[in-house]
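Chemist: Got a structure here, written out as structure tokens. Questions coming.
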Amino acid sequence: MVTGTSEEAVRRAATRDWSEAIRAVTGAYFPHELRPLSPTDRLDLSMHTVDLGPVTVGRIGWGVDVAIDCAYPDAYEVNMPLAGRLESRHGRDQVVSGEGTGTIFPPNRTTPITRWSSECTVVGVKFDRACLEREADRVLAAPLPGGLDLPAQIDRRSAATRGWLHFVRNLTADLGETDAMLCDDVLKRQLSSTIMTGFLLAMHPDRRSSAPARPRIVNRVLDRLRENPARAWTAAEMAEIAGVSVRRLQEGFQEYVGATPSACLRDIRLARAHEDLVAASTSTVAEVAARWNFTNTGRFAAAYRDKYGCAPSTTLQA
């Protein structure tokens, strides 16, 4: 049985039907390819999630050993087992998470779950990529123009990490009694911000209060650049968004970001191009470069190599 509210903020599923299970999990989290690793008649999906806007939280278990292929389109995913084992492959590395730990899946990159054990129920937290990166830029007050650099696994040795894990576990422990309250728009905004901020501070404890608060003129421009990085932005247009002169904008970026606005824009574009190449969403490097307004393919390739250590064609063919 699969149920949801009229606005589909709350989703519940309890089914032994494979097609129904795939549809339910796709609706709450991501499109995926699901493969049974044990007899198919043992499927016993149990899922209960709440969509808070930029964050989705919930619990999910399959009741059977499965493998999952997913590219996590435009979102970060954190899966924290309450029991059992979650095994996944991150490039050449195998990551195994159990009770008290969690695996972080990056956006727009196929990261296979090679085994989700039958007894494994996870607390799953889905972060919208753009929202989490924007929150990181504000919370950490440090240069993050190219996106977040997160580990593949949560390190629970720090008090901040253990606190965040405990918080989301408790939040999802009894959703049946609280999901109506969690559908309130005001509470959803506050709670999603709390979950994102807590996660970021737990993942980057060394950067907490490591830099002065970034002024609105910088945040405003970075937000607009992230919203539409393919646009042919001019210095005058960026200064107009900030409400200051071009010179004052340059000074603000150098002081609080350590780079010029144009350099930040280039890094944002490179990050988006990298995501496209990893996802193999196009057939040629030139198409990716043009999509993100790199007008010179040779310069794009050089900048890409400087940032990612390999040619864009290598990433595309991987």
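The values are calculated or read from the model by the stated rules, or taken from the named source; none is laboratory data. Please read all numbers here as calculations on a predicted model, not as lab measurements. Methodologically, a virtual Cβ is constructed for each residue, glycine included, from the backbone with ideal geometry; neighbour enumeration extends over all protein chains shown.
Chemist: Across segment 61-113, which residue is modelled with the highest pLDDT among those that are basic (K, R) and assigned to a loop (DSSP other than H, G, I, E, B)? First the steps, then the outcome.
Modeler: First, the residues of segment 61-113 that are basic (K, R): 85, 89, 92, 109.
When the remaining residues are screened for being assigned to a loop (DSSP other than H, G, I, E, B), the result is 85, 92, 109.
On the way: R85: 96, R92: 86, R109: 88.
Of everything passing the filter in segment 61-113, R85 is modelled with the highest pLDDT.
Chemist: Among the residues of segment 143-201, which ones are among the polar types (S, T, N, Q) and touching a residue at least 60 places away in the same chain (Cβ under 8 Å)?
Modeler: Narrowing segment 143-201 to residues among the polar types (S, T, N, Q): 153, 158, 161, 170, 172, 178, 190, 192-194, 197.
Correct list: T172, S192, T197.
Chemist: What helices (runs of 4 or more DSSP H), lying completely within segment 278-318, carry at least 2 residues that are at pLDDT 90 or above and of a type in the set (D, E, K, R)? Break it down stepwise before answering.
Modeler: Working: elements: 285-291, 297-308, 312-317.
It comes to 285-291.
Chemist: For segment 125-243, which fully contained helices (runs of 4 or more DSSP H) count at least 1 residues that are at pLDDT 85 or above, out of contact with any Leu (no Cβ under 6 Å at 6 or more places or on another chain) and aliphatic (A, V, I, L, M)? Give the steps one after another, and end with the answer.
Modeler: Numbers: elements: 129-140, 159-173, 175-178, 185-203, 216-227, 235-242.
Because the criterion is at least 1 residues that are at pLDDT 85 or above, out of contact with any Leu (no Cβ under 6 Å at 6 or more places or on another chain) and aliphatic (A, V, I, L, M), the helices (runs of 4 or more DSSP H) in segment 125-243 that meet it are 129-140, 159-173, 185-203, 216-227, 235-242.
Chemist: To continue, here is another question. Criterion first (at pLDDT 95 or above, more than 17 Å from the chain's Cα centre (by Cα) and either outside the structural domain of A160 (by TED's automatic domain parsing) or crowded, with 21+ Cβ neighbours inside 10 Å (or both)) does M47 satisfy it? Give the derivation first.
Modeler: Details: at pLDDT 95 or above: yes; more than 17 Å from the chain's Cα centre (by Cα): yes; either outside the structural domain of A160 (by TED's automatic domain parsing) or crowded, with 21+ Cβ neighbours inside 10 Å (or both): yes.
Judged against the criteria, M47 is a match.
Chemist: Also: Taking the condition of being surrounded by fewer than 16 Cβ atoms within 10 Å (Cβ to Cβ) and either assigned by TED's automatic domain parsing to the domain that holds A273 or touching a Pro at 6+ places or on another chain (Cβ under 7 Å) (or both), how many residues in segment 99-112 meet it?
Modeler: 1
Chemist: Sticking with this structure for a sec: Does segment 189-199 contain at least one residue that is within 25 Å of A303 (Cβ to Cβ) and hydrophobic (A, V, I, L, M, F, W, C)? Before the answer, list the steps.
Modeler: First, pick out the residues of segment 189-199 that are within 25 Å of A303 (Cβ to Cβ): none.
No, segment 189-199 contains no residue that is within 25 Å of A303 (Cβ to Cβ) and hydrophobic (A, V, I, L, M, F, W, C).
Yes/no matrix, rows are residues, columns are (1) under 22 Å from A13 (Cα atoms); (2) touching a strand residue (DSSP E or B) at 6+ places or on another chain (Cβ under 8 Å); (3) not β-branched (V, I, T):
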residue	(1), (2), (3)
V55	yes, yes, no
W62	yes, yes, yes
E77	yes, yes, yes
G84	yes, yes, yes
E99	no, yes, yes
T111	no, yes, no
S117	yes, yes, yes
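This table checks each residue for (1) in contact with a Ser or Thr (Cβ under 8 Å, 6 or more places away or on another chain); (2) farther than 18 Å from T111 by Cα.
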{"position": "R11", "(1), (2)": "yes, yes"}
{"position": "L34", "(1), (2)": "no, no"}
{"position": "M80", "(1), (2)": "yes, no"}
{"position": "A83", "(1), (2)": "yes, yes"}
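Chemist: So which residues in segment 238-262 are free of Cβ contacts under 8 Å to residues at least 12 places away in the same chain and within 29 Å of the chain's Cα centre (by Cα)?
Modeler: Selection gives Q254, E255, T260.
Chemist: Considering each residue of segment 41-78, count those that are among the β-branched types (V, I, T), touching a helix residue (DSSP H, G or I) at 6+ places or on another chain (Cβ under 8 Å) and within 30 Å of A273 (Cα to Cα), and give that number.
Modeler: Taking segment 41-78 as the starting set, the residues that turn out to be among the β-branched types (V, I, T) are 49-50, 55-57, 60, 64, 66, 68, 78.
Now drop any that are not touching a helix residue (DSSP H, G or I) at 6+ places or on another chain (Cβ under 8 Å), which leaves 49-50, 55-57, 60, 64, 78.
Keeping just the survivors that are within 30 Å of A273 (Cα to Cα) gives 55-57, 78.
Qualifying residue count, segment 41-78: 4.
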